[in-house]
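Worksheet for the structure shown next.
The values are calculated or read from the model by the stated rules, or taken from the named source; none is laboratory data. Since the model is a prediction, treat every value here as computed from it, not as a measurement. Ligands, DNA and RNA are stripped out before the accessible areas are found, and what is left, the full protein with its side chains, is counted by its heavy atoms. Shrake-Rupley method; radii C 1.70, N 1.55, O 1.52, S 1.80 Å.
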Amino acid sequence: MTISISSDFECGNIEVLGVEGDSARLAIRKDSNGPWSQWFNFAVRGAAGRTLTLRIVNAGATSYPKGWEGYRARVSEGGAWRLAETAFDGTALVITHTPQGDEARFAYFAPYELTRHEALLARIAATPGVTRRVLGQSLDGRDIVCLDMGEGPKSLWILGRQHPGETMASWWMEGALARLADAADPLSLRLRQRARLHIVPLVNIDGAARGNLRANAAGTDLNRQWRAPSAATAPEVLAILSAMEETGVDVFLDVHGDEELPHVFIDGCDVDPESSAAQVAGVDRFRQALLKASPAFQTAVGYPPSYGGAEANGIATRAIGLKFGAVAMTLEMPFKDALETPDAAAGWSPDASAQLGRDCLEALIAALDESA
């Protein structure tokens, strides 16, 4: 019996080039209408007790080939996602695994489906003091949803998954939102007293459904569009930026994942020569508070000040920091295991991401004002 392989489901991505016995030759599909590739998510059936050899032959030609060095794929057989045996030879990524049951799912990182996203929105929106509103529609006609809460004088915006393949941002949102919605949590109460929070858990909802790494339906990298977003190619950014103009922005956090670096870190607006002393101080307060709150966070490794190159002024953190004078930061989590908090079974995981989401509330309070 030959195994069968499919990615014909939401967030799926793989091309089957050939299957022979327990082995398969596969390729990662490029983003719809875009040049990027790295995300994969597929199911193997008829696999019980068979040692699978799954060769992704174009891994060396993807967007971040260095990201495969020291990386291990995730696998699930209906339960938690775990690390699979993985090797990269410079050209192909080879995943080896022996499933116990008939079906196993393999992915670049633990997927986060739209059904779970909708359930999260509904659960948090049912919490007292939380309002759910639609800021606009994506190119495929999906709602861009914002959750508003808090009654403080400052405006705090949090975005997740501008890049849809960085699913750790959705798991981060689960942790952060659960804590924010907990009426018995004193820190969450303090944060909601100090600020009005506006949270968009899934910015690039079309890219998530399509199984893209970075692009939306038009093939646009949304996190390069924040200086002058187009309704034709980046309506998601345009809708959010329009809402920001109504509220102002005092503190901004954009949640991402990094393909290459095995660390949790931030990239702040403080590297911009035009940032103010108050912005620099706010980013530093966030860093210092998160160092105390999270053992996974570190400040020794991150992006250089030149990160983004000619497109840097369109990155959300840089553009929002400049436009609103906000304390603006990009939070990055690894696809690889985090060296500061390694986990031999799961690597950097949904649980680790959710815990970081909870821990980041400590840092967001610190970023809001010096007396925190």
Checklist entry - Hey, got the Cα dimensions of region 288-372 along the principal axes, in Å, largest first? => result 43, 36, 22
Checklist outcome for this item: When every protein chain stays in place and a 1.4 Å probe is rolled, K336, K30, K154 sorted by accessible area with the largest first are K30, K154, K336
Checklist entry - Given just the C-alpha atoms of region 151-236, how large is their convex hull per residue in cubic angstrom? => result 96 Å³
Item to check | Space enclosed by the convex hull of the alpha-carbon atoms of region 37-105, per residue, Å³ | outcome: 78 Å³
Item to check | region 232-346: radius of gyration over Cα atoms, expressed as a fraction of 2.2 N^0.38 Å | outcome: 1.13
Checklist outcome for this item: Probe 1.4 Å, heavy atoms of protein chains only: per residue, the accessible area of the chain in Å² is 37 Å²
Item to check | Share of carbon and sulfur in the accessible heavy-atom surface of region 253-334 [1.4 Å probe, %] | outcome: 55 percent
Next on the checklist: What lysines does K336 reach when the alpha-carbon gap must be under 30 Å and sequence neighbours fewer than 8 apart in one chain are set aside?
Outcome noted: K30, K66, K292
Checklist outcome for this item: Residue ranges of DSSP H helices in the chain that stretch 15 Å or more (Cα, own long axis) and have mean Kyte-Doolittle hydropathy of at least 0.0 are 114-125, 168-180, 235-247, 277-293, 350-368
Next on the checklist: How high is the relative contact order of the chain? Use alpha-carbon pairs under 8 Å, at least six apart in sequence, and give a whole percent.
Outcome noted: 18 percent
Checklist entry - Viscosity 1.306 mPa s, temperature 10 °C: Stokes-Einstein D of the chain from its Kirkwood Cα radius, in µm² per second? => result 76 µm²/s
Checklist entry - With the radius of gyration and the Kirkwood radius both derived from the Cα set of region 1-146, what is their ratio Rg to Rh? => result 1.05
Next on the checklist: At 1.4 Å probe size, what's the solvent-accessible area of R82? Round to the nearest 10 Å².
Outcome noted: 110 Å²
Next on the checklist: Tell me the mean residue ellipticity at 222 nm calculated for the chain from its helices only (DSSP H runs of n ≥ 4, each -39500 (n - 2.57), averaged over every residue, nearest 500).
Outcome noted: -8000 deg cm²/dmol
Item to check | 3J(HN,Hα) from dihedral phi, region 44-60, Karplus parametrisation 6.51/-1.76/1.60, rounded to Hz, x for glycine, proline | outcome: 10, 10, x, 10, 4, x, 9, 7, 7, 10, 10, 9, 8, 6, 9, 4, x
Checklist outcome for this item: A 1.4 Å probe over the protein heavy atoms gives region 70-187 a carbon and sulfur accessible-area percentage of 50 percent
